[in-house]
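One structure below.
Since every read-out is calculated from the coordinates, none of them should be taken as a lab result. Please read all numbers here as calculations on a predicted model, not as lab measurements.
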């Protein structure tokens, strides 16, 4: 199974750790993590850095079952401060990276490999996470030819599943700016 993980925060803010490093930093050297009586082996297979994110590919397996492993692709968007918004162009690069990775999986999916869920997380799991997911939904609606897109409805739908998604007014306004940007860039109108 192949999983995608979108990580939209830093490990530290103002010298305080807000997220533990849960992946190895050295290529092809497995690290072992224990949790609830399980030991998991994680091996960093590949890393690529762009101007706004780092793409890492891991192999993960239970230490007692090395025959079954799963690949995880992590996209670490490193320049989005807590309680803020990214630049429009950085958000667009991140969303396009998601679309390209997902489409590549769909196009090359074999019968024996399934695509697992996409996981998006930031420190609290609502502000940046909700903003990114909303941007994905808007772009997907546009690509599918949807004639009517309501940002308030998208945010409300997300908030039915998780309280405070798109946490700040600034993030909500940013989504409107991003919507206008992609409409203008891709000539949907």
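At a glance:
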{"read-out": "Crossing angle, helix 169-186 versus the chain [Cα axis fit, 0-90 degrees, rounded to tens]", "value": "80"}
{"read-out": "Of 29, 137, 57, the one that fluctuates the most in a GNM where the chain has Cα springs shorter than 10 Å", "value": "29"}
{"read-out": "From the coordinates shown, log10 I(q)/I(0) by the Debye sum over Cα atoms at q = 0.10, 0.12, 0.18 Å⁻¹ corresponds to which of (i) -0.45, -0.59, -1.12; (ii) -0.58, -0.72, -1.16; (iii) -0.46, -0.66, -1.31", "value": "(iii)"}
{"read-out": "Choice from 23, 80, 148 with maximal GNM fluctuation in the chain (Cα, 10 Å cutoff)", "value": "148"}
{"read-out": "Crossing angle, helix 88-108 versus the chain [Cα axis fit, 0-90 degrees, rounded to tens]", "value": "60"}
{"read-out": "Fluctuation leader among 163, 108, 141 - the chain, Gaussian network, Cα springs under 10 angstrom", "value": "108"}
{"read-out": "Extension gain, residue 103 back to residue 12 (0.36 nm per residue minus Cα-Cα distance, nm)", "value": "29.5 nm"}
